[in-house]
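Below is one structure, written out as structure tokens, with a few remarks after it.
The values are calculated or read from the model by the stated rules, or taken from the named source; none is laboratory data. Source: prediction; values computed, not measured. Every residue, glycine among them, receives a Cβ derived from its backbone with ideal geometry; neighbour counts consider all protein chains shown. Heads up: the accessible areas ignore ligands, DNA and RNA and are worked out on the full protein's heavy atoms, side chains in. Shrake-Rupley method; radii C 1.70, N 1.55, O 1.52, S 1.80 Å.
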Amino acid sequence: MGSITLQQVNKKFGEVNVIPSIDLQVEEGEFVVFVGPSGCGKSTLLRLIAGLEDVTSGAVLIDGKDATRLPPAKRQLSMVFQSYALYPHMSVRANIAFPLKMAGMPKAEIDAKVADAAETLNLTDYLDRKPRQLSGGQRQRVAIGRAIVRQPSAFLFDEPLSNLDAALRVNMRLEISELHQQLKATMIYVTHDQVEAMTMADKIVVLNKGQVEQVGSPLDLYRSPANLFVAGFIGSPRMNFIRGAAAAAFGVETIGVRPEHMTILSEGGTWQGTVGVTEHLGSDTFLHVHTEDMGTLTVRAGGYVGFKPGDRVGITPDADRIHKFDGQGKAVK
Amino acid sequence: MSTYHSRAAGRLMVAPSVVLLFLWMIVPLGLTIYFSFLHYNLLMPGTETWTGFLNYSYFLTDPAFFTAIVNTLLIVVGVLIITIVGGILLALLLDQPMFGQGILRILVISPFFVMPTVAALVWKNMFMNPVSGLLAFLQKSMGFQPHDWLASTPLLAIIIIVAWQWLPFATLILLTALQSLDEEQREAAEMDGAGPVYRFIYIVMPHLGRAVTVVILIQTIFLLSVFAEILVTTNGGPGTDSTNLAYLVYAQALLQYDVGGASAGGIVAVILANIVAIFLMRMIGKTLEA
Ligand SMILES: Nc1ncnc2c1ncn2[C@@H]1O[C@H](COP(=O)(O)OP(=O)(O)OP(=O)(O)O)[C@@H](O)[C@H]1O
Ligand SMILES: [Mg+2]
């Protein structure tokens, strides 16, 4: 229950080819995250899986069966929308009960399931309120409650946390991860926040302009990005890309070094530069170092370091953590 | 506008317009109340005498009065039902993406811009006329006896004419409400397994509730005083079959020159309208809150 396969899925809106062709396998029980910049087609892909949009060509298989032409209600999937899409005139109870009521379930059974879901999501005290009387996080939980009562074979989330403040987002992130462990259901989760992607995913799908750039576990993507796009997208702060003579020394077009894979020294070092802005986070310090021929490099130093803007420093990259890319931006081993 | 001085200044500034509006309302109302207690007939000017409640008892015991109240309510309720049901259907239709949507919307709205007298005359002469009307022609071409709308079902004819005029208003308000429905809500319901009918009942109708309330409140105010349509089509007849309260007051004042009696009728109409308003606000005003 819950495997989803996309076969050469293509989606055009009129003349615009939003998703040229995607092949993707989502295993049963997996937590898959779609990440990518705004407008890359994440929501569209999710809506194609949900059946809210028709594919232009290609096939969507759910549990191995062709679901390409099935209406959304028949696909056994639940979706949590970015705006939550709660029914404003219904109480929380009625909201959660709605899919069961539509399925024609007897009242007693519905009540039991709603009580169950409310228990899981800490909503028991709010069952008789209207959505507008709830906070953002509570609304979010109601939307999840409405999704879980139906016991779908997979859950689809479209940026469910983007309307919440930072602290609540961290909280809900944990809750969703816990829910996944509890329900062991397939989840597909769309976000443009790479921290969410890294922390929650079993498998990340990096999308760019409607194409899959790379699929892999969070650490796979971090350790061996397949191309410049993935290398730049995963990791924070961004990986430094260096071209020219320094890259030519490695026999490639571009090399990439993450800020955390460089050591900063007061003298010597492989590369030299001048300290610009420094950002102190307490646990880390990020230094922006201006070099003569490689532009600005971001370097992470643990804890507090005493370098001030204007200081001359040397930088030594971690030799076995240098990523090499060819002229097309593909990674070179 | 929070300090004592700014509030005082504010009151002073709005005082002239408040006074003007107050006079604007209270002088006609006061005069009407005053006239309603006089024996005041335009055929015998200068002979006004105080008669107490005689005008009221005369107006209230007039057999036409009861008919007029029933007719007034029938017009209000009939037109409301037609415009709301028709308005919802038209709004649902106009909300669908289709060719020529812009032009179609303007066409649907246009009856609202036609003056009541003109609309009524068009209906009377071109549609409902038993000899040369379009409806009679259709009936004849199907082999039926043409129906004389204005003579045999005058009230129904007037309800149809007035409903035709107000349908665009209802459609417009309901269409705007329909378009403000969050698309994701509709999709969520679709994923939750609600088909088109259930989506309409559980998602669309509750969303339209407020708009329907607005339509009912606004239309009721205007429908209580339908006049021009009656004047140019049936003249309240045959007999008093299509006389409503507004028309009865008019008939009293300008056909019988009885200003006193008409004033009493006017005051009765004002009181009745207020009763209806209170009743409406109690019943459905609640949906407007929140
Ligand atoms: N109904 C539509 N008609 C035409 N183009 C559309 C439609 N829906 C989406 N698009 C286009 O498809 C592309 C992908 O949109 P999509 O909503 O999937 O982006 P996204 O990755 O979810 O972005 P975001 O992170 O901003 O939500 C965009 O360029 C958008 O303009
Ligand atoms: Mg999106």
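Table for the structure above
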{"quantity": "Listing of helices (runs of 4 or more DSSP H) fully contained in the range B:177-231 that carry 2 or more residues being within 9 Å of chain A (Cβ to nearest Cβ) and more than 16 Å from residue A:103 (Cα to Cα)", "calculated": "B:183-191, B:205-223"}
{"quantity": "Those strands (runs of 3 or more DSSP E) lying entirely in the range A:167-234 with at least 2 residues in contact with a Lys or Arg (Cβ under 9 Å, 6 or more places away or on another chain) and away from ligand 1 (no atom under 16 Å from the Cβ)", "calculated": "A:211-216"}
{"quantity": "Answer residue from the range A:50-71, given it is without any contact (Cβ under 8 Å) to a residue 24 or more places away in the chain and more than 14 Å from every other protein chain (Cβ to nearest Cβ) and is most open to solvent (accessible area, probe 1.4 Å) among those", "calculated": "A:69"}
{"quantity": "Selection within the range A:27-36 - near ligand 1 (Cβ under 9 Å from one of its atoms) and either in a strand (DSSP E or B) or over 13 Å from residue A:204 (Cα atoms) (or both)", "calculated": "A:34"}
{"quantity": "Unmet requirement for residue A:114, which otherwise passes all of (1) out of contact with any Asp or Glu (no Cβ under 8 Å at 6 or more places or on another chain); (2) more than 12 Å from chain B (Cβ to nearest Cβ); (3) surrounded by fewer than 20 Cβ atoms within 10 Å (Cβ to Cβ)", "calculated": "(3)"}
{"quantity": "Residues of the range A:1-20 satisfying the condition of being within 13 Å of residue A:55 (Cβ to Cβ), open to solvent by 60 Å² or more (accessible area, probe 1.4 Å) and not charged (D, E, K, R)", "calculated": "A:7, A:8, A:13, A:17"}
{"quantity": "Residue that is closer than 24 Å to residue B:195 by Cα, out of contact with any Gly (no Cβ under 6 Å at 6 or more places or on another chain) and more than 16 Å from ligand 1 (Cβ to nearest atom), where the choices are A:62, A:49", "calculated": "A:62"}
{"quantity": "Selection status of residue A:127, more than 16 Å from ligand 2 (Cβ to nearest atom), more than 12 Å from chain B (Cβ to nearest Cβ), touching a helix residue (DSSP H, G or I) at 6+ places or on another chain (Cβ under 6 Å) and open to solvent by less than 30 Å² (accessible area, probe 1.4 Å)", "calculated": "yes"}
{"quantity": "Members of the range A:99-111 found to be over 17 Å from residue A:128 (Cβ atoms) and away from chain B (no Cβ under 14 Å), listed by number", "calculated": "A:106, A:108, A:109"}
{"quantity": "Lone qualifier among A:142, A:80, A:92 - being more than 27 Å from the chain's Cα centre (by Cα) and closer than 22 Å to residue B:202 by Cα", "calculated": "A:92"}
{"quantity": "Only listed residue being of a type in the set (Lys, Arg) and at pLDDT below 90, chosen from B:199, B:210, B:186", "calculated": "B:210"}
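Conditions (1) within 9 Å of another protein chain (Cβ to nearest Cβ); (2) within 16 Å of ligand 2 (Cβ to nearest atom); (3) assigned to a helix (DSSP H, G or I); (4) of a type outside the set (Val, Ile, Thr), marked per residue:
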| site | (1), (2), (3), (4) |
| --- | --- |
| A:1 | no, no, no, yes |
| A:20 | no, no, no, yes |
| A:25 | no, no, no, yes |
| A:38 | no, yes, no, yes |
| A:48 | no, yes, yes, yes |
| A:73 | yes, no, yes, yes |
| A:83 | yes, yes, no, yes |
| A:90 | yes, no, no, yes |
| A:97 | no, no, yes, yes |
